[in-house]
2 protein chains.
Amino acid sequence: MKVITELISFTEGIKLKSGKSLSSFDLMIETYGQLNEKKSNAVLLCHAFSGNHHAAGKDEKLGIGWWDQIVGSGKAIDTDKYYVVCCNNIGGCAGSSGPLSINPETQKPYGKDFPEVSVNDWVNSQIMLMDYLKIPYWHFVAGGSLGGMQALEWSIKHPNKIKKAGIFAAAVKSSTQNIAMNEVARESIRKDKNFFEGDYYDHNVIPKDGLKTARMLGHITYLSEENMDIRFGRKFQDEESKVGQNIDFEIENYLQYKGEKFTETFDANSYILMTKAMDKYDASEKSNLDQALKEVEAKLLIIGFSSDWLYPPERGKEIQVAAMNNNIQSSYIVLDGDHGHDSFLFSSKQYSNLIKKFISS
Amino acid sequence: MKVITELISFTEGIKLKSGKSLSSFDLMIETYGQLNEKKSNAVLLCHAFSGNHHAAGKDEKLGIGWWDQIVGSGKAIDTDKYYVVCCNNIGGCAGSSGPLSINPETQKPYGKDFPEVSVNDWVNSQIMLMDYLKIPYWHFVAGGSLGGMQALEWSIKHPNKIKKAGIFAAAVKSSTQNIAMNEVARESIRKDKNFFEGDYYDHNVIPKDGLKTARMLGHITYLSEENMDIRFGRKFQDEESKVGQNIDFEIENYLQYKGEKFTETFDANSYILMTKAMDKYDASEKSNLDQALKEVEAKLLIIGFSSDWLYPPERGKEIQVAAMNNNIQSSYIVLDGDHGHDSFLFSSKQYSNLIKKFISS
């Protein structure tokens, strides 16, 4: 698999949905495989909230790609056949412009001054990326969760630039409970003694405790309740392997460990920006969903997972109903998936086959 | 309604399930109505995790009692007929011995040194209270959530001291997800800069931020997801009534407000102790549930609420099945209840009637 990692600077800048602008910005991207002569085999992968441009293969620093089970030579999204592109979204913390980047106006990291970003902005930046890569249209745009929202937005806003969309474990918009959970996570970050209103870079610290608590909560929402019961149940953690002194149960140990690990790679300001983008996205905001999907020309593959309680399968069904009301070629299916919301990340024979068939159909 | 508030000191002390002891302890209680001559009309109310002894009526400091819709003159638990007793559990923060109390050994507040407490310990302290009040048996022991666990424990451990038990919105034990949520709440408290390992009283501060975040999360689990959608949906908060600068949605404003209010009345160490007691309770821990219920003689009224996702109705059904397997006189019913887990706190015609009929049957 031919992997290219590239940092691309867009000096023309971008106007954001919030009304603010970035006078210039960078996108960190990874591409796999090769664009064919007809330029008809380009695939865009959109990452979920804590993901990045590293979707496939193994990277020294970033480890295994987030969709490595689905993307690669001979896999569901076959990099021998398709030219696959993935970028770290703006507002993120893996190389693209975000709160960690240097603000050209102050020569310091943006911190809290990095403007609010949205799904809409990401799609617009991906349009610019497309032009840069000389890709006339995407054969397929796909993603799970917040990535699925981008795939949906692509099909709504740019019907002439996308042939097929894969919308997995996603929703038209977040529910009140989704927003509520994200607000608790943000609150925990904001109140960390090392947060300094978002300008912690200046103080050479990170709001680690708050970010850890936020991730612990997030993690609960990504896992299946049943799977958690089977895997951890009410088992007590053995003394030797406890990661903290207040731990009784295995599930506590697991969350503490996962939360801690997360703080080593993710930025707290990005956590706030990305969850806000997730909360505020609403494909149907200007009308209703039937209206919103009126211009869609892409074929849609909508997959929900039965154990997902963050964006349960019914949320995918809403998209399917609106697609059918608009005579859009669309398939909706609910798969088992043991991993709750995270099921979209893991390959299963059925899931991989469905994606494979859909892309090549 | 005759209301008596009393602080009772038990100088004989109590041995706790953890192996530790309190050499003496206090219980803050409230009683409503009068014990009849036959001493056959005593009712014990057990409070949920953040509740206290003030179950009914209006108190200058504590406001309206937590079960005022159910308990009072002419209400479902009729204080004209029954002598109703409610105590603040040990480990709490409303007058009974807890982390805020003075440790006789150090003459300072216990803080982190207050021993771990359990449902079992509470029932044992309630036995001592019963003796003090010269009550030979409870006609009825009832509670919701963690209070329901106490009612269940009473019926299991003291079959000769209880005639009827009301177990509402409760479970035999917490699920892995329940524990996980509580651990996130505790983590948020422990990492507050003002927590000082639980000895914040010495520093004249409280870990307010952590406690607030914990309560915000708790609050999400108490509310019905559907009701949240109906009540708040994705509505934006108007500028004038925002309680914080980072707020976009009404649900954020609501949680921020509720979380903040909670910190004015509840103690962070108690939060940790009470949630640990909830996590660790397991009526079936020494055998299985059928075995555990073998000695039960009380009649049981088990009520679940359809919108409760913390202890959903299926958890009550487990108790009912074990009751039926043991030929215990038991009724199990699922009520609608708009308020999610909190539904047990609110009167409805059906809910109140069921309780009223059950007590007097």
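Could you check how many percent of all C-alpha pairs in the protein assembly as shown are farther apart than 53 Å?
17 percent
If amide hydrogens are placed 1.01 Å from N in the peptide plane, which non-local residues have theirs closer than 5 Å to the one on A:TYR332?
Amide H neighbours of A:TYR332: A:ILE302.
For region A:193-245, place one equal point scatterer on every Cα, skip the solvent, and apply the Debye formula. What is log10 of I(q)/I(0) at q = 0.24, 0.26 Å⁻¹?
-0.97, -1.02
Taking the rotation that carries A onto B, look along its axis and tell me which residue of A has the beta carbon nearest to it, distance in whole angstrom.
A:LYS193, 2
So what are the ³J(HN,Hα) numbers for region A:293-306, from phi and the Karplus equation (6.51, -1.76, 1.60; θ = phi - 60°), rounded to whole Hz, Gly and Pro as x?
My calculation for region A:293-306 gives 8, 4, 8, 4, 10, 5, 7, 10, 10, 10, 10, x, 10, 4 Hz in order.
Just need the relative contact order of chain A here, percent rounded to a whole number, with Cα pairs under 8 Å and 6+ apart.
18 percent
Cross-link candidates for A:LYS317: which aspartates and glutamates have Cα within less than 17 Å, leaving aside residues fewer than 8 places away along the same chain?
Once the sequence-local aspartates and glutamates are set aside, what remains near A:LYS317 is A:GLU153, A:ASP282, A:ASP290, A:ASP308, A:ASP336.
Enumerate the calculated ³J(HN,Hα) couplings along region B:334-349 in order (Karplus 6.51 cos²θ - 1.76 cosθ + 1.60, θ = phi - 60°), each rounded to whole Hz, writing x wherever the residue is Gly or Pro.
With the stated coefficients, region B:334-349 comes to 10, 9, 5, x, 7, 9, x, 4, 5, 3, 5, 7, 9, 6, 9, 4 Hz.
Can you tally the net charge around A:ILE162? Count Lys and Arg as +1, Asp and Glu as -1, for every other residue whose Cβ sits under 11 Å from the Cβ of A:ILE162. Could the numbers behind the result be given before it?
Working: positive: A:LYS157, A:LYS161, A:LYS163, A:LYS164, A:LYS299; negative: A:GLU153, A:GLU297.
Residues near A:ILE162 contribute +3 overall.
In nm, to one decimal, how far is the B:LYS61 label point from the B:ASN103 one, both placed 7 Å along Cα→Cβ?
In this crude label model, B:LYS61 to B:ASN103 measures out at 2.4 nm.
Shielding of A:247-257 by partners, i.e. mean partner chain Cβ atoms within 10 Å per residue?
4
For B:186-194, what's the mean count of beta carbons from other chains sitting within 10 Å of each residue's beta carbon? Mind dumping the intermediate values first?
Numbers: counts 3, 12, 12, 1, 4, 9, 6, 5, 1.
Averaged over the peptide's residues, the number is 6.
When the Karplus curve 6.51 cos²θ - 1.76 cosθ + 1.60 is applied with θ = phi - 60°, which whole-Hz ³J(HN,Hα) does each residue of region B:46-61 get, with x for Gly and Pro?
Calculated HN-Hα couplings, in order: 10, 7, 7, 4, 9, x, 7, 6, 8, 8, 9, x, 10, 10, 4, 8 Hz.
Quick one: in region A:178-276, what % of C-alpha pairs are over 23 Å apart?
Percentage above 23 Å: 31.
Got the B:ASP238 label distances to the other copies yet, label 7 Å along Cα→Cβ, in nm, shortest first?
Label-point distances to the other copies, shortest first: 6.1 nm.
Ordered shortest first, which distances in nm separate the 7 Å Cα→C-beta label point of B:SER306 from those of the other copies?
Ordered by increasing distance: 2.3 nm.
Sort A:MET274, B:MET324, B:MET28 so the one with the fewest other Cβ atoms within 10 Å of its own Cβ comes first.
B:MET324, B:MET28, A:MET274
Find every distance from the label point of B:PRO104 to the corresponding label point in the other copies (7 Å from Cα along Cα→Cβ) and write them in nm, one decimal, shortest first.
Once sorted, the set of distances for B:PRO104 reads 7.3 nm.
Quick one: in region A:279-361, what % of C-alpha pairs are over 14 Å apart? Don't skip to the end; give the middle numbers.
Working: 2232 of 3403 pairs.
More than 14 Å apart: 66 percent of the Cα pairs in region A:279-361.
Based only on the alpha carbon positions, what is the Kirkwood hydrodynamic radius of chain B, in angstrom?
20.9 Å
Considering only the other residues whose Cβ falls under 11 Å of the Cβ of A:ASP199, what net charge follows from Lys and Arg at +1 and Asp and Glu at -1? Please report the intermediate quantities before stating the final value.
On the way: positive: A:LYS108, A:LYS112; negative: A:ASP113, A:GLU197, A:ASP202.
Result for the neighbourhood of A:ASP199: -1.
Tally Lys and Arg at +1 and Asp and Glu at -1 over the other residues with C-beta under 14 Å from the C-beta of B:ASN103: what net charge comes out?
My count for the surroundings of B:ASN103 gives -2.
In whole angstrom, how long is each semi-axis of the equivalent ellipsoid of region B:27-159, when you take the square root of 5 times every eigenvalue of its Cα gyration tensor and sort them from largest down?
Listed largest to smallest, the semi-axes of region B:27-159 are 25, 17, 13 Å.
Based on other C-beta atoms within 10 Å, arrange A:HIS158, A:HIS341, A:HIS53 from fewest to most.
A:HIS158, A:HIS341, A:HIS53
What's the ranking of B:241-250, A:256-265 by average number of surrounding C-beta atoms within 10 Å, highest first?
Put in order of decreasing packing, that is A:256-265, B:241-250.
Under a crude label model (7 Å from the Cα following the beta-carbon direction), how far is B:LYS17 from A:PHE236 in nanometres?
With each label point 7 Å from Cα toward Cβ, the separation is 1.2 nm.
What ranking of B:LYS2, A:LYS173, A:LYS38 emerges when the number of other C-beta atoms within 10 Å of each C-beta is taken as an exposure proxy, fewest first?
On the way: B:LYS2 11, A:LYS173 20, A:LYS38 7.
Neighbour counts put them in this order, fewest first: A:LYS38, B:LYS2, A:LYS173.
Let's see if you can work this out: charge +1 on each Lys and Arg Cβ, -1 on each Asp and Glu Cβ, no other charges. What is the dipole magnitude of chain B about its Cα centre, in debye to the nearest 20?
1080 debye
Over region A:210-351, how many percent of alpha carbon pairs lie in each 10 Å bin up to the one with the longest distance?
Taking all Cα pairs of region A:210-351, the binned fractions are 11, 29, 31, 20, 8, 2 percent.
Taken together, the values in this text are just the output of simple stated rules run on the coordinates, not laboratory data. Since we're looking at a predicted model, the values are computed, not measured. Because the Cβ atoms are built from the backbone with ideal geometry, glycine has one as well, and the counts that use them run over all protein chains shown.
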